[in-house]
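What follows is a short report on a single structure.
The values are calculated or read from the model by the stated rules, or taken from the named source; none is laboratory data. Treat the numbers as computed from the prediction; the structure is a model and nothing was measured. Heads up, the Cβs are rebuilt from the backbone with ideal geometry, glycines too, and the neighbour counts pull from every protein chain shown.
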Amino acid sequence: MTGPESEGSQVRRAVCPGSFDPITNGHLDIIARASRLYDEVYVAVMINKSKKGLFEIDERIDLIRTVTADYANVRVEAFHGLLVDFCKQREIPAIVKGLRAVSDFDYELQMAQMNNGLTGVETLFVPTNPTYSFLSSSLVKEVAQWGGDISHLVPAPVLEALNKRLHRD
């Protein structure tokens, strides 16, 4: 089949990339919203060998799979190297990124333009839910390390994993 009918039957794919160390409710909100817009959403968990995370890559992937289990169209995979190569290998034409503030936009716009220039992959910016506009994995880890209540900032399995990691059973 050719023409508009075949084009309409193509699987619409997008990727939500990040380090997710750990995944927060803000990340989960963006993934959930992307899952309603696309047929398949890949959560690409970045491997950065030069950066020691609180959670190993396999632990992050397991946590993300657990908290996205209700989204049948979400797949979670690790990646290293260029995100556009990850996209090319999986025929993903779009990157979905959450923006918390104008300061995010400056950096993300440069990245989006570079990615588009390299391979034509588009970046869609989704404004973060105001509830999570201040939220970052780094902030969550810092507050958790000092014993602050982060139960409203991360999904329950992540809270449990953080408490175990920080020896707060």
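Annotations
- The stretch 83-123: number of residues that are β-branched (V, I, T) and not in a helix (DSSP H, G or I): 5
- The residue that is nearest to the chain's Cα centre (by Cα), counting only those in the stretch 132-144 that are part of a helix (DSSP H, G or I) and free of Cβ contacts under 8 Å to residues at least 40 places away in the same chain, is S138.
Residue-wise test of (1) under 16 Å from the mean Cα position of the chain (by Cα); (2) surrounded by 14 or more Cβ atoms within 10 Å (Cβ to Cβ); (3) of a type in the set (K, R); (4) under 23 Å from A144 (Cβ atoms).
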| site | (1), (2), (3), (4) |
| --- | --- |
| D29 | yes, yes, no, yes |
| V41 | yes, yes, no, no |
| N48 | yes, no, no, yes |
| V84 | yes, yes, no, no |
| Y107 | no, no, no, no |
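- With respect to (1) at pLDDT 95 or above; (2) within 19 Å of P155 (Cα to Cα); (3) in contact with a Pro (Cβ under 9 Å, 6 or more places away or on another chain); (4) not aliphatic (A, V, I, L, M), the lone exception for F86 is condition (2).
- Meets criteria (in contact (Cβ under 8 Å) with a residue 40 or more places away in the chain, more than 22 Å from E40 (Cβ to Cβ) and in contact with a Ser or Thr (Cβ under 9 Å, 6 or more places away or on another chain)) for R60: no
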